[in-house]
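All of the numbers you see were taken from the coordinates with simple rules; none came from a lab. Just so it is clear, the model here is predicted, and its values are computed rather than measured. Quick reminder, even Gly has a Cβ in these numbers, built from the backbone with ideal geometry, and neighbours come from all protein chains shown.
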Amino acid sequence: MLRLALCAVLSVSMPALAQSSQADVEQRFTPAEMHEAGLDTLSPAQLAALNRLLRENAVRTSSSASARPMGEQADRFYIGLDDKPIHSRVAGTVEGWDPGTVFVLENGQRWKVLKGAMKLRKPLQAPEIVVVPGIAGRWFLQVDEDMPKARVYRID
């Protein structure tokens, strides 16, 4: 139970500690909050160890964040931005697509169209494609950069 309380305190206090001065736990919480979290039962040695661990973690967290380029720090807030485009070929002929159309790629992946429709003037035999990541886990299949993309999701 005490470990659970310590984990809760650590998770709440880590971000605040990294942003604020390096205040000890006793200075950051009221006696009632200390009691609620079970921190008032810690021995002086345990409390000192907790304060040391919080300070060390804050230093590690702030130094690792500042070591990353600014764009990389911002990207961590947008799910899917660290995904890379997938380059392959469609196995077979592409005449167009509608919601529900399944594309089988030479690399073995299968993608299904969720949104978008397109009818090609002439069928393309095994065209090169790029499946491009978007924000929040969205993916778009691009047959040609001059054509609209189809919103797709991976089924295999």
Projected onto the charge dipole of the stretch 86-154 (+1 at Lys/Arg Cβ, -1 at Asp/Glu Cβ, origin at the Cα centre), which of 114, 143, 126 gives the Cα projection farthest towards the positive end? 114
Gained length - residue 125 relative to residue 26, 0.36 nm times residue gap less alpha-carbon distance: 28.6 nm
Label-to-label distance, nm, for residues given as residue 153 and residue 45 (7 Å Cα→Cβ offset): 5.5 nm
